[in-house]
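Right, one structure below, let's go through it.
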Amino acid sequence: MLKYFEKALLLSLFICTSCVTEDDIYLPDTVNPNPEAGVQVQDFMWKAMNFWYFWQTDVENLADDTFPRTSEGADMYTEFLASENSPGEFFDNKLLFSEDRFSFYNDDYVELTQSLAGISKSNGMEFGLVRIPNSDQIVGYVRYIIPNSDAESKPIDRGDLFTGVNGSSLNDSNYINLLFGSNDTYTLNMATLVDGKPEPNGEEITLTKQDNLQENPIYLDDIIEKGGKKIGYLIYNGFTNEFDEQLNEVFGRFKTKNVTDLVLDLRYNPGGSVNTARLLSSMIYGTNPDDVFLKARYNDKYQKILENNKTDVQDYFADKTGNGSSINSLNLKKVYVLTTQSSASASELVINGLTPYMEIVQIGEKTRGKNEFSVTMVDDRENNYLYSPKRVDKINSDNRWAIQPLLGRNENADGFSDYTAGLIPDIELKESLSNLGALGDLNEPLLAKAIQEITGATTAKVDFSVAIPMENITSSKLHTPLGDTMYVTDLPMVQ
């Protein structure tokens, strides 16, 4: 799971099933293609998007009256479905709205759903990439290493730099193939900063991807006693519901130890489950089930169903986990959140959802700006194309493709959802290649700044004016096997 690709960036679908029954959600009949045309994947994609896609009315190809239910309409529909060389190109080029940055596809729903559970084929090195300004040269830097991975057994750690793979220097034209190609094993050509510039140092480290590596999103939890405060510190790298009970146990320890303040480190967290975001927010703020955590807004079709049933889709703070355990809540009035542009989706949902109820002190960089939610869809029309692990035997066995389209936007209790440009930090502090620091160390710049804000005193002599900031540039979007989004940033040289 190479997180610079910002794995998944997902929020799961929320439907108020207590108010709207399955009979109320239906897909109207539409024209069918020629069964001999070999376009069943595209047919599934179009029909799912025609009903569920947030921007359905903005995409001409998805209009309800585009293909009449006649023999001529069937011919037109078949020709349209076959208009691209592959289902992936069809999805990208024919179905997506121009403002959509996050909907994607996968040719194997099993791989996709495993990824959403934090399971993937990975060597365990989570890294970012920066571009040397005024050139096409790219430098990689290690963010952290996943425990029990191949990388953990190798001499590589946070802050290490690499400028090449298999002897080839990384640049704009080759880094995708070198780092994200079909080879399970590759050799990194390491580098060192010399006078502020990354220079190859002759060291090499070989890494091998392993199947079914599962990352525990709870990377680190600690209690820091400083200045008369007991500060809970949590590095949380993904909203993965399989670890909700363990997350609640962490807050149980915080509560038992009388934690007075919390630093929530979401700087490498690209998102995940809406329900996990709700649970985490409840662990921070409180468990009043009458307090609205989010309100969902869907496309016109589904929104009309909700309105006809007099249903306002909203979710509330929780007092129990999915397994029925009581939520361990700190009942805080203020929380400190560390962010970067890799903080997205459910990470932003936590910040936005908590804002009406408590003070959020955001430290770091502005977030990604993903205020939409999505759901996994597969070729199971009887279930309205919604993926359910209980219905795997109902999925069309001849079609393993899945799509992850954006279905709507989440508002907080105040009705705010306008953060497509990202949530702006209260205290801007960018990470630096020259001073990344060790995660969890009191001198690591972002954590040190949070502690300083809480206690009013520095933990040590930390230079917050970094020599080599990593400035953002226009992002590049790329479909990987998991459809993730990749961001390359500039690396200014020291003057």
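The values are calculated or read from the model by the stated rules, or taken from the named source; none is laboratory data. Here the structure is a predicted model, which is why all the values come from computation and not from measurement. When we count neighbours, we look across all protein chains shown, and the Cβ atoms used for this are built from the backbone with ideal geometry, even at glycine.
If you go through region 47-79, how many residues are assigned to a helix (DSSP H, G or I), over 12 Å from residue 32 (Cα atoms) and more than 27 Å from the chain's Cα centre (by Cα)?
Taking region 47-79 first, the residues assigned to a helix (DSSP H, G or I) are 47-52, 56-58, 60-62, 71-79.
Subsequent filtering for residues that are over 12 Å from residue 32 (Cα atoms) retains 48-52, 56-58, 60-62.
Within this subset, residues satisfying the condition of being more than 27 Å from the chain's Cα centre (by Cα) are 60-61.
Final tally of qualifying residues: 2.
Exactly one of these conditions fails for residue 94: (1) outside any strand (DSSP E or B); (2) within 30 Å of residue 436 (Cα to Cα). Give me its number.
Evaluating residue 94 over (1) outside any strand (DSSP E or B); (2) within 30 Å of residue 436 (Cα to Cα) leaves (2) as the failure.
Among the candidates 92, 100, 157, 75, single out the residue that is outside the structural domain of residue 188 (by TED's automatic domain parsing), modelled with pLDDT of 95 or more and within 30 Å of residue 368 (Cα to Cα).
Details: 100 fails: modelled with pLDDT of 95 or more; 157 fails: outside the structural domain of residue 188 (by TED's automatic domain parsing); 75 fails: within 30 Å of residue 368 (Cα to Cα).
Only one candidate passes the filter, namely 92.
Among the strands (runs of 3 or more DSSP E) contained in region 202-310, which hold 2 or more residues that are at pLDDT 95 or above?
218-226, 229-236, 261-265, 292-298
Evaluate the following for residue 119: is it surrounded by fewer than 19 Cβ atoms within 10 Å (Cβ to Cβ), modelled with pLDDT under 90, hydrophobic (A, V, I, L, M, F, W, C) and under 21 Å from residue 149 (Cβ atoms)?
Details: surrounded by fewer than 19 Cβ atoms within 10 Å (Cβ to Cβ): yes; modelled with pLDDT under 90: yes; hydrophobic (A, V, I, L, M, F, W, C): yes; under 21 Å from residue 149 (Cβ atoms): yes.
So residue 119 passes the test.
Taking the options 208, 185, name whichever one is loosely packed, with under 14 Cβ neighbours inside 10 Å and closer than 29 Å to residue 114 by Cβ.
185
Could you count how many residues in region 64-99 are buried (at least 16 other Cβ atoms within 10 Å of the Cβ) and small (Gly, Ala, Ser)?
3
Among the residues of region 356-396, write down those that are polar (S, T, N, Q) and either in contact (Cβ under 8 Å) with a residue 60 or more places away in the chain or surrounded by 22 or more Cβ atoms within 10 Å (Cβ to Cβ) (or both).
The first filter runs over region 356-396 and keeps only residues polar (S, T, N, Q), leaving 362, 367, 371, 374, 376, 383-384, 388, 396.
Across region 356-396, the qualifying residues are 362, 367, 371, 374, 376, 384, 396.
Can you run down the residue pairs with Cβ atoms below 8 Å, 6 or more apart or on separate chains, where the first is in region 163-182 and without any contact (Cβ under 8 Å) to a residue 60 or more places away in the chain and the partner is of a type in the set (Phe, Trp, Tyr)?
165/175; 165/186; 166/186; 170/162; 178/186
Within region 420-436, which residues are surrounded by fewer than 19 Cβ atoms within 10 Å (Cβ to Cβ) and either under 30 Å from residue 392 (Cα atoms) or at pLDDT 95 or above (or both)?
424, 426, 427, 428
Can you find, within region 1-46, the residue that is modelled with the lowest pLDDT among those that are in a helix (DSSP H, G or I) and over 30 Å from residue 83 (Cα atoms)?
4
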